[in-house]
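Peer 1: Let me begin by handing over the structure; questions about it come next.
Read-outs: derived from the displayed coordinates by stated rules, not from any lab. Because the structure is predicted, anything quoted here is derived from the model rather than measured. Note that we place each Cβ from the backbone using ideal geometry, even for glycine, and neighbour counts take in every protein chain shown.
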Amino acid sequence: MTENVSSRMDTPTNISLVGPGDPISQSLEYKTVAVFLVLLVCGLGIVGNIMVVLVVLTTRHMRTPTNCYLVSLAIADLTVLVAAGLPNVSDSLTGTWVFGHAGCLGITYLQYLGINVSSCSITAFTVERYIAICHPMRAQTVCTVSRAKRIIAGVWVFTCVYCMLWFFLVDIQVMKSGSIQCGYKVSRDLYLPIYLIDFAIFYVIPLLLAIVLYGLIARILYLNPLPNRPDVGTVSSGATMLRRSCKEPADGGKGGRQGRPKSTLSSRKQVRASQSKEPPLSNSCNYLFSHCLHNRSIQNMNTYLITML
C-alpha cells in the first residue's frame with residue numbers, strides 16, 4: 001500500500017488526491033462529481049480561450065502588443081486544459097492509463113509546455129505594461145506589434161526545446177494492483193532537483209519580477225495621478241498658451257492702437273467655439289497655430305501700410 005501511494009504521488013499527469021485502490025475513488029458518486037467538474041472547467045476554459053484568439057485574429061484594430069501576449073497566453077491555457085483534462089477524465093472513469101507510452105510522453109510534455117509558456121507570456125506582458133506606463137516615450141519604439149511577435153516566437157521556441165527534458169523522465173508503470181500509470185521512471189532524488197529548478201525559473205522568478213514591476217507601476221500612478229478629464233484640461237491649457245503667444249506680438253506691434261481686424265475677432269470666436277466642443281488636442285493645437293500665423297501676417301501688413309503712409 002505504501003509503494004502504491006508513493007508511485008501515485010510521483011505521477012506527473014495526475015492531479016487526483018486519492019489512489020486507485022481507495023474506496024472513495026471507486027464510488028460512483030466520486031467519479032460522477034470528478035468528471036462533471038473537470039468537464040465544466042475544461043469546457044468553459046476551452047470555449048473562452050478560443051473566443052479570445054478568434055476575436056484578436058479577426059479584428060484588425062485589436063492587434064496590439066498587449067493582445068498578442070494575451071493570444072499567446074490563451075493558446076498556452078488551451079494546451080494545459082486539453083493535456084490535463086482528458087487524462088483526468090479517463091483516469092476518473094477507468095482508474096488506469098489508457099493512452100500508452102507515446103501518450104504518456106506527449107501529454108506530460110504538453111502539460112509542462114503550456115504551463116511554462118503561460119508563465120513566460122504573463123512575464124512578457126508585465127514588462128510591456130511597465131514600459132508603456134512608466135516609460136511612455138520609449139514605448140513608442142519598444143512596444144510594437146512586430147517586436148511582440150518576435151518575443152512570443154522566442155518564448156515558444158525556447159520552451160519547446162526546454163520541455164523536451166521531460167521525455168527522458170517519464171514512462172508508463174505497472175502498479176501492483178495491475179493498473180497502468182504514467183509516472184516518473186527515475187528516482188525521486190534525481191527528478192526532484194530538476195523539478196525545483198523548473199519551479200524557480202517559471203514560477204518564483206516571474207512572481208518576484210511581477211511584484212517589483214507592478215509596485216513601480218503603482219508608484220508612478222500614485223505620484224502622478226491622471227486628471228479626471230484629460231482632454232479638456234490639456235486642450236484648455238494648450239489653447240490659453242497659444243492664444244497668449246499670438247496676442248503679445250500683435251498688441252506690441254500696433255503701438256497701442258485699439259482697433260482689431262474683423263478677421264481676427266472672427267477667428268477668435270471660432271477658437272472659442274472649437275474649445276467649447278472639446279476637440280482633440282492635435283486638431284485644436286493645429287487650428288490655434290494657423291490662427292497665430294494669420295494674426296502675425298495681418299500685423300505685418302498693418303505695419304507696412306503705416307510705414308508707407
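Peer 1: Multiplying the sequence separation of T32 and A153 by 0.36 nm and subtracting their Cα-Cα distance, what value in nm do you get?
Peer 2: Fully extending the segment from T32 to A153 adds 39.5 nm.
Peer 1: If r is the Cβ-Cβ distance from H101 to L39 and R0 is 35 Å, what FRET efficiency results, to the nearest 0.05?
Peer 2: The calculated FRET efficiency here is 0.85.
Peer 1: Moving on to the next point. Out of the stretch 96-180, which trypsin sites (Lys or Arg not before Pro) are coil in DSSP terms and have no more than 11 other C-beta atoms within 10 Å?
Peer 2: Loop-located and lightly packed - K176.
Peer 1: Where the centroid of each part is defined by its Cα atoms, how far is the stretch 154-215 from the stretch 69-122 in Å?
Peer 2: Comparing the Cα centres of the stretch 154-215 and the stretch 69-122, I get a distance of 12 Å.
Peer 1: Moving on to the next point. Go through the stretch 156-169 residue by residue and turn each phi into a ³J(HN,Hα) via Karplus (6.51, -1.76, 1.60, θ = phi - 60°); whole Hz please, and just put x for glycine and proline.
Peer 2: 5, 5, 4, 5, 4, 5, 4, 6, 4, 4, 6, 4, 9, 10
Peer 1: According to a simple spin-label model (label point 7 Å from Cα along Cα-to-Cβ), what is the distance in nm between L165 and T141?
Peer 2: The answer from the label model is 3.7 nm.
Peer 1: Can I ask one more? Evaluate the relative contact order of the stretch 2-223 (contact order divided by residue number), counting alpha-carbon pairs under 8 angstrom at least 6 apart; express in whole percent.
Peer 2: 25 percent
Peer 1: Of the options I151, A132, I46, report the single residue whose Cα projects farthest towards the positive end of the charge dipole of the stretch 2-223 (beta-carbon charges: Lys, Arg +1; Asp, Glu -1).
Peer 2: Working it through, the farthest residue towards the positive pole turns out to be A132.
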